[in-house]
Each structure stands twice: as structure tokens, then as C-alpha cells.
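The values are calculated or read from the model by the stated rules, or taken from the named source; none is laboratory data. What you see is a predicted model, and the numbers here were worked out from it, not measured in a lab. All Cβ positions, even for glycine, are placed from backbone atoms using ideal geometry, and neighbour counts span all protein chains on display. These accessible areas exclude ligands, DNA and RNA; they are computed on the full protein's heavy atoms, side chains included. Shrake-Rupley method; radii C 1.70, N 1.55, O 1.52, S 1.80 Å.
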Amino acid sequence: MILANSVSCKPALASGDRMHFDQLKRREFITLLGGVAVAWPLAARAQQAAKPVIGFVYPGVPELSVGVVAAFRKGLNETGFIEGRNMTVEFRFAYHDNARLPELVGDLVQRGVAVIATPASTPAALAAKAVTMTVPIVFGVGADPVEIGLVASLNRPGGNATGITSMNAELGPKRLGLLHELLPRAVRFAVLLNPNNRNTDALTRDLQATALAIGKQVEVLTARSTREIDAAFLALSQRPADALVITPDQLLDNRRVQLVTLATHYRLPAIYPFRENVEIGGLMSYGSSAVERDRQVGIYTARILKGEKPADLPVIRASKFEFVINLQTARILGVDVPPTLLGTADEVIE
């Protein structure tokens, strides 16, 4: 009996004490369970927060940016980034009001985006560069990015910006030369440009020098709006030119349907900087691929998301230029395209 009593365990709890003990255990269990329940959504939110955000700035309107956005997404996808799966994109559009660009960029910086992409827009790239010196910027421009102050050099950009230059702003003399080959007897050429474009002076000088070299005349017409584009073509109908050079510019590119329609209406042979104009009925185009430019902006954006620095990514210079002719438009305009010119075209649209 004494042995049995000595083996006896801890003193038995009174019924009130046991009830208190059980309540403590239940509280601990509920607290632990609640902690786990809270931890899951917190972990999910942390995982979602870790998804990088890209800021996309475009000076036009969403309806006219479909091609730009599609090519940009293609570059991202090829490099392993799928929107909604492992990254998100915050889109900002200036609706043809470049004065809004700094505000749009500033909003993206405040939201803490990982990188800002400005495909197809020199004004958007310059606005981004002016607003932030820390957030990485990937641009797509037609001018020399060193000359306009975006980078220190093409091979070693330095700073927080890099990207792609299509070189389209430097191809004015080539476009005028192609029109001269098409119409060797032409005497007077017109040039349409946006006076708000920072490349206007250089474009004008280059085209006037080329015209002088081949013994031709050049008249420069300007347009800053849809109404002014209409007025420029009306002026050409009153002072006829033999052919027209359309210069690369965001406004003019966004008005491509209007330009092609007016050129056809006034039976005016014109050359454009982008093949998209020829695909909708323009006569000729010469320039680098806009789709490839925007795709490369997507690729560089993805590389920065993976950890590379803009300062170490060389600016890509367009190396392939497309010459496209629309023969159906030539027939409508009554223009005979020389076989030699057809032979140099990269694509002939029948």
C-alpha cells in the first residue's frame, strides 16, 4: 500500500482548477490557430507585393497604342514575364497632351514601380528622365539619345536610362532620295513636320541640303493638330508639289489614317517613316521596324526586372530598315514605279 501510494502521480486537480486549466489550453490553441489563419493571407499578400510593377507611359491614346502595347508585351513574354502572372503593368496615357507627361511619370514614381518604359516616344522618355534619376527607364526613340541628353554614350549609357533608337529621325534624306528615284522629273517637294518636335530644325536642314544637292526645291509645311494637317494639305492643293515627305513624329503617326486619306484625295505621292502607313494605303515607306523597336523595349525592361542595370545595357541602334511600296496605291495615283525601284523594295504590296 505504501508502495502503491508512492507511485501515485501529481496531486489530482480539484474540479475548479481542472476547468481553469482546460480553458487556458483552449485559449492557447485558438490563439495558435488564429495566428496560422492570419499568417496565410499575410504570406499571400507578401507574395503578391513581391510581383514587380512596370510603369508604361505613352503620349497618345489607348486606342492607337494597341500595336505598341502588343509588341512590348511580346518582348516581355519572350524573356519570361507574363502580365498578371509574375509582373503587372501600370499604363499611363497623355491623350496627345505632352504637358501631362511629367505628372504621369511622377505618379508612377510615387507608386514605386520597378521600371518605367517609354516606347515610341521621345517626349515621354525626356519627361521620365527629368522626373527621376533613380528609377530605371527603358526608352524607344527615333533620335540620337546622346544628342538629346538621355544617355552619356551609346555603349555605356550611365545613369538610369537605356533603350532603343530607331534612327528614323536621321533618314529624311534617304526618303527624299527615294521619291526622287520614283519621280525623276519632279521639281518641287513638300515636307510635313510637327514644329513641336525637337528634331524639327535638324530634319529641315538635312532635307534642304539634300534637295539642293539634287537640284530640287523643298517647301516645309507644319502641323500641330488634326486641323492643321487638313490646312497643310489644302495649302498643297493651292500650291501643288510633286511629292510629299512625311517626317517621323508621334502626332503624325497617330494621324496616319488622316494622312493617307488626304494624300490619296489630293493625288499626292507621299513617303512615310513607317510601313503601317503603306499597309493602309500609303504609297511608300522607309524606316526601321516599329514593331521590333517596341519589342526590344519589352526585352530590355525584362532584363532590368531580372537585375541588370540600365547603365550597363548598351543602347540598341536599329540596323535593319524596310522599304515598302504599295503598287495598288501607285496605280490609283497614276504613278509608274520604275523596275529598278521595285527591285530594291523589301516588300511590294500588290
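The single residue among Val245, Val297, Val324, Val315 that is over 25 Å from Leu221 (Cα atoms), modelled with pLDDT of 95 or more and touching a helix residue (DSSP H, G or I) at 6+ places or on another chain (Cβ under 7 Å) turns out to be Val297.
Sub-8 Å Cβ pairs linking a first residue in region 95-121 that is at negative phi and of a type in the set (Gly, Ala, Ser) to a second residue that is modelled with pLDDT of 95 or more and assigned to a helix (DSSP H, G or I), at least 6 apart or interchain, are Gly106/Val131; Ala114/Ile304; Ala114/Leu305; Ala117/Phe72; Ala117/Val297; Ala117/Gly298; Ala117/Thr301, ordered by first then second residue. Number of residues in region 37-80 that are of a type in the set (A, V, I, L, M) and modelled with pLDDT under 90 equals 10. Among the residues here, Val335 qualifies as among the aliphatic types (A, V, I, L, M) and out of contact with any Gly (no Cβ under 6 Å at 6 or more places or on another chain).
Scanning region 192-224 for residues that are in a helix (DSSP H, G or I), open to solvent by 40 Å² or more (accessible area, probe 1.4 Å) and within 22 Å of Pro145 (Cβ to Cβ) gives Asp201, Arg205, Asp206.
Going through region 225-250 one residue at a time, which ones are closer than 25 Å to Ser288 by Cβ and out of contact with any Lys or Arg (no Cβ under 7 Å at 6 or more places or on another chain)? Residues satisfying the conditions are Ala243, Leu244, Ile246, Thr247, Pro248, Asp249, Gln250.
For region 275-302, which residues satisfy the criterion of being farther than 28 Å from Ile116 by Cβ and of a type in the set (D, E, K, R)? Correct list: Glu279 only.
Listed by position, the helices (runs of 4 or more DSSP H) enclosed by region 225-340 that each have at least 1 residues that are open to solvent by less than 40 Å² (accessible area, probe 1.4 Å) and within 30 Å of Val135 (Cα to Cα) are 250-254, 290-305.
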